[in-house]
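*Asks:* I'd like to ask some things about the structure below.
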Amino acid sequence: MFLRSERKYKEESDDWLISRFKLTGDLEYPGRLFDKYMHLVYGVCLKYLKEREASKDATMQVFEKLIVELSKRDIENFKPWLHTITKNHCLMQLRSMKVKSSQQEKMLNDEAFFMESSHELHHNDEQVLEQDLEALKNCIEKLKAEQKECIKLFYLKEKCYQEISDELSVELKKVKSFIQNGKRNLKICMEKNG
């Protein structure tokens, strides 16, 4: 009786399931790990991603990654390792979403700025483009110090509002205001010089 329960425990241990998968390549073994830890992975995903559907998708992605990683790595403490790769996967997703969101916001802001401007950029006419760029550079220099700094960090160094706020030790609302007012002042200046 004791040997039987000990054998059953050993066969269901993480190490045993991993070694059987490495030996046979049978997806049944990572499937058992999936059943055993799905709630843990989903919980970590939900903690970071805050949305059920995104967390369900991330849980599946982690287990797809798990199958690849199990065949390549020697894992000694499976549960903490799984927790770490799940957390890292979620953080990478959040970073990716932040970058996409920031790029979309920047694109919309850039598009709005250029759509508001009465200057049309002629790609075929390099001289006009050069003049416009020179005029823009001069107009940036005429901005108030705070606006100039925020505009340069946002558009030229491609920093997000929060990064600018942290770098300049200025409230987030003020950073947004400086950028908005700076864009308006640039538009006015470009129209005068056009």
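The values are calculated or read from the model by the stated rules, or taken from the named source; none is laboratory data. Every value quoted in this text rests on a predicted model; they were computed, and no experiment measured them. Heads up, the Cβs are rebuilt from the backbone with ideal geometry, glycines too, and the neighbour counts pull from every protein chain shown.
*Asks:* Of the residues that sit in segment 52-66 and are more than 18 Å from the chain's Cα centre (by Cα) and surrounded by 16 or more Cβ atoms within 10 Å (Cβ to Cβ), which one is farthest from ILE18 (Cα to Cα)?
*Replies:* PHE63
Matching residues to (1) in a loop (DSSP other than H, G, I, E, B); (2) polar (S, T, N, Q); (3) in contact with a Leu (Cβ under 9 Å, 6 or more places away or on another chain); (4) modelled with pLDDT under 70:
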| residue | (1), (2), (3), (4) |
| --- | --- |
| MET60 | no, no, no, no |
| GLU64 | no, no, no, no |
| LEU70 | no, no, yes, no |
| HIS89 | no, no, no, no |
| SER96 | no, yes, no, no |
| GLN103 | no, yes, no, yes |
| PHE113 | no, no, yes, yes |
| GLU120 | yes, no, no, yes |
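*Asks:* Can we say LEU40 is modelled with pLDDT of 90 or more, among the aliphatic types (A, V, I, L, M) and exposed (fewer than 15 other Cβ atoms within 10 Å of the Cβ)? Step through it out loud before you land on a result.
*Replies:* On the way: modelled with pLDDT of 90 or more: yes; among the aliphatic types (A, V, I, L, M): yes; exposed (fewer than 15 other Cβ atoms within 10 Å of the Cβ): yes.
For LEU40, the condition - modelled with pLDDT of 90 or more, among the aliphatic types (A, V, I, L, M) and exposed (fewer than 15 other Cβ atoms within 10 Å of the Cβ) - is met.
*Asks:* Any idea which residue in segment 169-194 is farthest from the chain's Cα centre (by Cα), counting only those that are crowded, with 16+ Cβ neighbours inside 10 Å and closer than 13 Å to GLU146 by Cα?
*Replies:* Restricting attention to segment 169-194, the residues satisfying the condition of being crowded, with 16+ Cβ neighbours inside 10 Å are 170, 175, 178-179, 181-183, 185-187, 189-190.
With the extra rule that they be closer than 13 Å to GLU146 by Cα, the set shrinks to 170, 175, 178-179, 181-183, 185.
Numbers: VAL170: 24, VAL175: 21, PHE178: 25, ILE179: 23, ASN181: 28, GLY182: 27, LYS183: 26, ASN185: 32 Å.
Result: ASN185.
*Asks:* Specify which of the listed residues (LYS174, LYS137, LYS148) is modelled with pLDDT of 90 or more and in a helix (DSSP H, G or I). Please lay out each step first, then the result.
*Replies:* On the way: LYS137 fails: modelled with pLDDT of 90 or more; LYS148 fails: modelled with pLDDT of 90 or more.
LYS174 is the lone residue from the list that is modelled with pLDDT of 90 or more and in a helix (DSSP H, G or I).
*Asks:* Out of segment 72-87, which residues are at pLDDT 90 or above and charged (D, E, K, R)?
*Replies:* LYS79, LYS87
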